[in-house]
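Everything below concerns the one structure shown next.
The numbers here are math on the coordinates, done by the rules we state, and not lab data. It should be emphasised that the depicted structure is a prediction, and the values quoted were computed from it without experimental measurement. Note that we place each Cβ from the backbone using ideal geometry, even for glycine, and neighbour counts take in every protein chain shown.
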Amino acid sequence: MTSLDKPTADVSVRIGWADDAAGIAAVQVAAWRRQYTDLLPADVLAGLDEEQFAAAWHQSLVRPEDARNRVLVALERNAVRGFAVTSPSGDPDSDPVADGEVSELVVHPDHTRAGHGSRLLHACVDTMRADRFTRATTWLPSTDDVRREFLASSGWAPDGAHRELDLHGDGSVLVKQVRLHTGLG
């Protein structure tokens, strides 16, 4: 069997549809349960409700707040394996006409290292270019060296901005984040 005879996976990225809401929610809940295991109490993670997430995703897919809010889905055959969200940047120091943001880039933890993240990231860049953004930003936890390395390998770099999120609103769980950026020219 030559390399041309080997079957290839049916993988793609496209704009999300309302019917993708349940798949997106399943990916998000699985990823959060893995990613936030050290940040959130086990009962909070166990209580994440896919149906509630799906309802919120359905609403955002049907009625986006801005015409440039995009949800992209990474598919393997017809199964959602990951998703990304692009929009105008909401940062106070940004130019909402020129600066786009990747606010979510999530791959199901059981399907990482299969190219879904790379395909999503490239689709985000293409989508933001089509929406006439000239710069892209994203926020990530300051301790997420794997994601930072992944983004750096695609030309993203820290721009010096940082912030601290208070997940519970009482100072008990703080997440330090750094912002990365890339040009879209």
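Here the simple spin-label model places points 7 Å from the Cα toward Cβ, and for Arg63 and Glu149 these points are separated by 4.4 nm.
The label point for Ser118 and the one for Asp95, both projected 7 Å from the Cα toward the Cβ, are 3.2 nm apart.
Value of Rg to Rh for segment 63-123, rounded to two decimals, is 1.05; Kirkwood radius and Rg both from alpha-carbon coordinates. Computed extension length for Ala26-Arg129: 34.2 nm, one decimal, from 0.36 nm per residue of separation with the Cα-Cα distance subtracted. The calculated FRET efficiency for the pair Arg163 and Val11, based on their C-beta separation and a Förster distance of 45 Å, comes to about 0.85. The mean of 1/r over all pairs of different alpha-carbon atoms in segment 141-185, once inverted, gives a Kirkwood hydrodynamic radius of 11.6 Å.
Ordering Trp57, Trp17, Trp139 by the number of other Cβ atoms within 10 Å of each residue's own Cβ, fewest first, gives Trp17, Trp139, Trp57. Sorting Ile24, Ile15 from the fewest to the most surrounding beta carbons within 10 angstrom yields Ile15, Ile24. Comparing Cα centroids, segment 152-185 and segment 27-71 end up 19 angstrom apart. Its relative contact order, with pairs defined as Cα atoms under 8 Å and 6+ residues apart, puts the chain at 19 percent. Coordinate range of the alpha-carbon atoms in the chain per principal axis, descending: 58, 44, 34 Å. Placing +1 on the Cβ of every Lys and Arg and -1 on the Cβ of every Asp and Glu, with nothing else charged, gives the chain a dipole about its Cα centre of roughly 620 debye.
Each residue in Ser60, Ser12 was given a count of other beta-carbon atoms within 10 angstrom of its own, and listing them fewest first yields Ser12, Ser60.
Evaluate the charge dipole of segment 107-185 about its Cα centre and quote only its size in Debye, nearest 20, assuming +1 on the Cβ of each Lys and Arg and -1 on the Cβ of each Asp and Glu.
Details: 10 positive and 10 negative charges, 69 e Å.
For this selection, approximately 320 debye.
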